[in-house]
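Peer 1: Starting off with a structure, shown below.
Bear in mind that the values in this text are calculations on the coordinates, not laboratory data. Everything quoted here is computed from the prediction, not taken from an experiment. Heads up, the Cβs are rebuilt from the backbone with ideal geometry, glycines too, and the neighbour counts pull from every protein chain shown.
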Ligand code: S3P
């Protein structure tokens, strides 16, 4: 059986750490799309945004995400904006189990503040407001994922176990 699981949700919601845990439990490969983009272009995400622009990043993101859905069992952690792309979303909805990792914006803002990974689309001077307004735009799209996990106060082990139940 094809078990491709795709994790979506806001920056800082825990997609990568949950994804690694889930992949380990399932005995399949874990793939982080941002890492794949950095590897392909040989640049950090923040430098891609700065030097080549968001449009360039989104084009590479589209190709990499779509190519990754190739029928092989794996767990994929998407960049927080990827699911907003209609072409990416349609492929994911058709060919994988998509999961929205839903975390309260205050927790997200706190995590992003201490994260080493810089997110170019955030306004770090007003982090909580920035997270809140991006979420307001995105939640209607994240809701289109097949499964929603309320993940604010759960361990990654518990979240991974909940996702596994649906496979
Ligand atoms: C983005 C999220 C980031 C990264 C880029 C843009 C977004 O990934 O792809 O900075 O638009 O939400 P994470 O969700 O892993 O932080």
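Peer 1: Taking region 45-63 as the search range and keeping residues that are free of Cβ contacts under 8 Å to residues at least 40 places away in the same chain and near the ligand (Cβ under 10 Å from one of its atoms), which one is nearest to residue 2 (Cα to Cα)?
Peer 2: Ranking the qualifying residues of region 45-63, first place goes to 61.
Peer 1: Would you point out the residue of region 2-17, among those that are near the ligand (Cβ under 9 Å from one of its atoms) and part of a helix (DSSP H, G or I), that is surrounded by the most Cβ atoms within 10 Å (Cβ to Cβ)?
Peer 2: Going through region 2-17, the residues near the ligand (Cβ under 9 Å from one of its atoms) turn out to be 8-13, 15-16.
The next check asks that each one be part of a helix (DSSP H, G or I); those that pass are 15-16.
On the way: 15: 28, 16: 18.
Checked region 2-17; the qualifying residue surrounded by the most Cβ atoms within 10 Å (Cβ to Cβ) is 15.
Peer 1: Also: Does region 135-167 hold any residues that are assigned to a helix (DSSP H, G or I), closer than 21 Å to residue 58 by Cβ and touching a helix residue (DSSP H, G or I) at 6+ places or on another chain (Cβ under 9 Å), and which are they?
Peer 2: Once the filter is applied, which keeps residues that are assigned to a helix (DSSP H, G or I), closer than 21 Å to residue 58 by Cβ and touching a helix residue (DSSP H, G or I) at 6+ places or on another chain (Cβ under 9 Å), region 135-167 yields 135, 137, 138, 141, 142.
Peer 1: Looking only at residues in region 68-86 that are away from the ligand (no atom under 12 Å from the Cβ) and out of contact with any helix residue (DSSP H, G or I) (no Cβ under 6 Å at 6 or more places or on another chain), which one is nearest to residue 121 (Cα to Cα)?
Peer 2: 86
Peer 1: Within region 18-32, can one find any residue that is crowded, with 18+ Cβ neighbours inside 10 Å, near the ligand (Cβ under 10 Å from one of its atoms) and in a loop (DSSP other than H, G, I, E, B)?
Peer 2: Scanning region 18-32 turns up no residue that is crowded, with 18+ Cβ neighbours inside 10 Å, near the ligand (Cβ under 10 Å from one of its atoms) and in a loop (DSSP other than H, G, I, E, B).
Peer 1: Output the residues belonging to region 66-83 that are closer than 23 Å to residue 49 by Cβ and exposed (fewer than 15 other Cβ atoms within 10 Å of the Cβ). First the steps, then the outcome.
Peer 2: The initial filter retains those residues of region 66-83 that are closer than 23 Å to residue 49 by Cβ, namely 66-68, 76-83.
Matches in region 66-83: 67 only.
Peer 1: Which count do you get for residues in region 65-85 that are over 13 Å from the mean Cα position of the chain (by Cα) and not in a loop (DSSP other than H, G, I, E, B)?
Peer 2: So in region 65-85, the residues over 13 Å from the mean Cα position of the chain (by Cα) come out as 66-74.
In the following step, the residues that additionally are not in a loop (DSSP other than H, G, I, E, B) were identified as 66-68, 74.
The qualifying residues number 4.
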